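Heads up: the structure comes next, in structure tokens.
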Amino acid sequence: MGILQPFDWVVLALYFAVILGLAWWVIKRQKKTTDDYFLAGRHLGWFIVGASIFASNIGSEHLVGLAGSGATDGVAMAHYELHAWCLLVLGWVMVPFYMRSKVFTMPEFLERRFSPASRTVLSIISLVAYVLTKIAVGIFAGGVVFAVLLPEMNFMGLDSFWVGSILVIVITGLYTILGGMAAVAYTEALQTVILIIGSALVTFFGLEALGGWSELRAVLGSDMFNLWKPLVPAGVEGTWAPVREAGKMAWYFNDHYPWLGMLFAAPVIGLWYWTTDQYIVQRALSAPNQTEARRGSIAASFFKLLPVFIFIIPGMICMALAQSGKIPALQSALIGADGQVIRENAQSAFPLMVANVLPVGVRGLVVAGLLAALMSSLAGVFNACATLFTIDFYARIKKDVTQEKMVWVGRVATAVMVIVGLLWIPVIKGGRGLYDYLQGVQAYLAPPIFVVFFLGVFYKRLNAKGCLAALITGFGLGLFRLAVDTPTKLIDGFVYSEGSFFWIVNNIFFQYYSLLIFVICVAVMVIVSLMTEAPSYEKISGLTYGTTSEADKEETRASWTKIDVMLSVLVVVLILIAYLSFTG
């Protein structure tokens, strides 16, 4: 008997009928202009902005990777999910500058602050980052989901994993090409509601099958519920000593998430992603004014608190059900003959829960939300890629091209990037885990972008030469690390000679390497800028705190109310409560 029963398929069909109907309604109302296609005509309200940001973020790395991480490592990765405060930085710090500039893309903003060359370099970095992370990871996760839910699917010699990956690409590609940003945003808002409800049902029925929260803690033990345990291993509790592993260099070699990396590197990655990445910020740019954009960011920060409970916890429940033997199918899938956890299979924790715990009908609804979330995540990045390539490259070369031609070129470029993403899947499959892979690649690419945006906004003396030098230096260091790591993932048994230069680079913990890139980029940007001429402060008026006029400041002050402040404080309080709650 198949995993999905007839009634599940009915629910699935109805759900997608609603999604397609909504997309078609948006398409019929859409004007054939670049502003409408790429930024939804800049008329999205705060709820649509917030829900769209959340749905874009909640994709493959959560449905597959984060739940898998919960199954193997407990709440350790919740540190990244509790970065909801970064969205407050977007709304309160960066949105005023972005909205005043009226730009389409983040590289376009960098051009206004620094130079056209900076815009080009950032566009290249962003496109590379999307191929290495969002596109490839999204495709991979789609394959994992299909492999679990439809294991017997086979087409022309391709198993369910590859069939699923290709289907997700084709369906999502068509959906994005037709609808543009408006269709993506509105459907993502609906998907957010369904996804939250569906994932909460997975947690509810999972706990019911296990025997409750107390049974979960009893089976897994307190370490799986301790946010701090992975950061400070046995022997250094209660201290700020660096992580040590027997006989090896304290700062370099370990399998934990050490305090130094989490304290300094993780926020850099978080702020880059939530406040400067085209994929996320494009939603805020689609709002009509600062008020709607800021409130959308605040709404997204509340949504962002949920993944700990609707993805990590289900992964932990899945492992508890496997270890307790209460569901034999989970035990055989996740526990090896030696009694140890099979880490590779843990990536399937969430779809395994859907397949084995949920009742008929509910399963269809959750599967619909799961697949739609994967597709919405890909749809968002496809639209971001099309925007970046079209606005930042093609439109700058072809000055008099029609808007219809610009949209067509963006679609072709997106198709090429999808193919490259498919070719990168074997590298992801060779890694430690989907979520770990994603955090690693982002850690290598995020620091230079974070540095040029935040230093550029807060320090008006920094100039275009400093920005360009920091971007090129940081991007070079990141690509170098990826090049060094890739052979160890692609070639079975490949290792560098112990003690060699490449071995040292390959074994530096990814967060420490990220911090190294960050420090070097700050030094390069400041030194180069101070050694060369100061920028024209008239040309960057309104783009830095030091060059913002009183009129602009007054406009920003008038764009928020006490309620906005109170809700933002509430987000911070909830984050602190979460940190205090998960202490083992």
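The values are calculated or read from the model by the stated rules, or taken from the named source; none is laboratory data. Just so it is clear, the model here is predicted, and its values are computed rather than measured. Every residue, glycine among them, receives a Cβ derived from its backbone with ideal geometry; neighbour counts consider all protein chains shown.
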Revision key, fill the gap. Ser497 passes all but one of the listed conditions (1) out of contact with any Ser or Thr (no Cβ under 9 Å at 6 or more places or on another chain); (2) assigned to a helix (DSSP H, G or I); the exception is number (2)
Exercise for review: Can you give me the number of residues within the range 358-384 that are assigned to a loop (DSSP other than H, G, I, E, B) and closer than 17 Å to Ile196 by Cα?
Suggested key: 2
Review point. Quick one: in the range 500-532, which of the residues that are closer than 25 Å to Phe450 by Cβ and part of a loop (DSSP other than H, G, I, E, B) is farthest from the chain's Cα centre (by Cα)?
Key: Thr532
Study note, to complete from the structure: Residue count, the range 489-504, condition crowded, with 16+ Cβ neighbours inside 10 Å and not aromatic (Phe, Trp, Tyr), comes to 1
Review point. Is the range 558-566 home to any residue that is within 30 Å of Ser118 (Cβ to Cβ), basic (Lys, Arg) and either in contact with a strand residue (DSSP E or B) (Cβ under 6 Å, 6 or more places away or on another chain) or at pLDDT 90 or above (or both)?
Key: no
Point to revise | Residue among Leu471, Leu515 that alone is closer than 22 Å to Trp274 by Cβ, surrounded by fewer than 22 Cβ atoms within 10 Å (Cβ to Cβ) and modelled with pLDDT of 90 or more | key: Leu515
Practice item. Please specify each residue of the range 197-206 satisfying the condition of being of a type outside the set (Phe, Trp, Tyr) and crowded, with 20+ Cβ neighbours inside 10 Å. Key: Gly198, Ser199, Leu201, Val202, Gly206
Revision key, fill the gap. Selection from the range 415-467 of residues surrounded by fewer than 21 Cβ atoms within 10 Å (Cβ to Cβ), in a loop (DSSP other than H, G, I, E, B) and modelled with pLDDT under 90 yields Gly430, Gly431, Arg432
Review point. Out of all the residues in the range 84-92, is one or more over 30 Å from Gln331 (Cβ atoms), outside any helix (DSSP H, G or I) and hydrophobic (A, V, I, L, M, F, W, C)?
Key: yes
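State yes or no: is Leu190 closer than 18 Å to Ala373 by Cα and modelled with pLDDT of 75 or more? Spell out the reasoning first.
Details: closer than 18 Å to Ala373 by Cα: yes; modelled with pLDDT of 75 or more: yes.
Spelling it out, Leu190 is indeed closer than 18 Å to Ala373 by Cα and modelled with pLDDT of 75 or more.
Tell me which residues, restricted to the range 452-502, are more than 17 Å from Ile124 (Cβ to Cβ) and aliphatic (A, V, I, L, M). Walk me through it before giving the result.
As a first pass, look at the range 452-502 and keep what is more than 17 Å from Ile124 (Cβ to Cβ): 454-463, 465-466, 481, 484-502.
Passing the criteria: Leu455, Val457, Leu462, Val484, Leu490, Ile491, Val495.
Identify, from the list Val128, Val75, the residue that is surrounded by fewer than 22 Cβ atoms within 10 Å (Cβ to Cβ) and either within 18 Å of the chain's Cα centre (by Cα) or under 30 Å from Gln323 (Cβ atoms) (or both). I'd like the intermediate steps shown before the answer.
On the way: Val75 fails: surrounded by fewer than 22 Cβ atoms within 10 Å (Cβ to Cβ).
Among Val128, Val75, only Val128 is surrounded by fewer than 22 Cβ atoms within 10 Å (Cβ to Cβ) and either within 18 Å of the chain's Cα centre (by Cα) or under 30 Å from Gln323 (Cβ atoms) (or both).
Show me the helices (runs of 4 or more DSSP H) found entirely inside the range 1-70 where at least 1 residues are at pLDDT 70 or above and buried (at least 20 other Cβ atoms within 10 Å of the Cβ). Quick ask: steps written out before the conclusion?
Numbers: elements: 6-29, 34-39, 46-57.
Hits in the range 1-70: 6-29, 46-57.
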